[in-house]
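The values are calculated or read from the model by the stated rules, or taken from the named source; none is laboratory data. If you're wondering where the values come from, they're calculated on a predicted model, not measured in any experiment. Because the Cβ atoms are built from the backbone with ideal geometry, glycine has one as well, and the counts that use them run over all protein chains shown. These accessible areas exclude ligands, DNA and RNA; they are computed on the full protein's heavy atoms, side chains included. Shrake-Rupley method; radii C 1.70, N 1.55, O 1.52, S 1.80 Å.
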Amino acid sequence: VLCAILLWTAMSAGETLFLKVERLRRLYRCSVKHLPVRRGEDGSFGLGLTEDNVIFEFHHDTNADILECGDQVRAVNGIPLVRERLGVIVQRELADETEVAMEITRKVSTAANLSGEVFASLLLMHRNGSVLSEWPSDLWKVRTESVWGAFWTVTLPPGAGAAKLALHRSLLLTDPLYGSALLPLSDLPEGEVVTRWHGLRCSKTNSSEFIGEVLLTVRRYNNMISVSPRVTGASSEFSDEYEERAAVAAQHQTEPLAPVADLPMDDVVPRHTRNGAHETKASTHSGGGQYALPLSVRSQQVGT
């Protein structure tokens, strides 16, 4: 029994959360709707969509009365659309369905796009709703077509019940909160890497509205630590060691590779081959950098 208690304590103390911000999109006020969509006489749903599953045309009028151009399709029959096209999901999972339920977001006519510089903060929330710790990211200029890439690896403190991703605007004198997405830890399967679009909400939005969406990759897992008497095990929630460990998040920054200098001609060493010819060993030059990854936009048609 004692060994089981020690093992459980060690596993609990080593629980870790990895969270990465992949992309932002539709940074304006949107309404969330769940709508029934039917196949037409030709057997298709008749939707022309972009690569990001935004409707831009109708191939027949079967669903034109309930859907609109500009609608963002987020899920179909409860299956979230992350990086796959709607047509691929329909053909693979719903080929025999004549009617499906689509979750879409629709822009509110008066909505304005968010622009300028922003930063994200990862907050770990206690089960009672209080903030246990917070880690901000660097500033980033809003580009919804590009990958952001900010991420954190943090140890979950005792009592943690949820993680929150908060998006802040960076203004001259203030950093107002734009919106946030709450991720209950109980909803995150242990050990699995989960990538999903999450709606951003603020105090002015209701349960059927978003003011943007954020694509997050999340993994919750256990770090096994030793329970040997000779090795320090789990730290107490009130110890100095725990405070020091919990207050500092792992830093992840990309740096360019150092260039490899070309060899001067005097240092080039000829090497004889079997046939008597000379073979010269040449140097190469390498470099590194940080790049934004633009997403191409191509049309797709859901025909099955």
Positive minus negative residues near Val90 (Lys, Arg vs Asp, Glu; Cβ under 15 Å): -2
With every protein chain kept in place and ligands, DNA and RNA left out, what is the accessible area per residue of the stretch 9-109? Probe 1.4 Å, answer in Å². 44 Å²
Fraction of the pair-distance distribution of the stretch 63-201 above 23 Å, Cα-Cα pairs, percent: 50 percent
Contact order relative to length of the stretch 102-180, as percent, for alpha carbon pairs under 8 angstrom and 6 or more apart: 33 percent
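Give me the percent of the accessible area of the stretch 70-213 that comes from carbon and sulfur atoms, probe 1.4 Å, all protein chains in place. Let's see the in-between values first.
Values: 3560 of 7260 Å².
Its accessible area is 49 percent carbon and sulfur atoms.
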Using only the alpha carbon atoms of the stretch 23-137, find the Kirkwood hydrodynamic radius as the inverse mean reciprocal pair distance, in angstroms to one decimal. 16.4 Å
Give, as ranges by residue number, the residues of the stretch 60-79 whose backbone N falls under 15 Å from the point 7 Å along Cα→Cβ of Ala111. 68-75
Dividing the Cα convex hull volume of the stretch 11-89 by residue count, how many Å³ per residue is that? 150 Å³
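Quick check: net charge around Ile79, other residues with Cβ under 14 Å of its Cβ, Lys/Arg +1 and Asp/Glu -1? Don't jump to the answer; show the numbers that get you there.
Details: positive: Arg74, Arg83, Arg85, Arg92, Arg196; negative: Glu84, Glu93, Glu97, Glu103.
My count for the surroundings of Ile79 gives +1.
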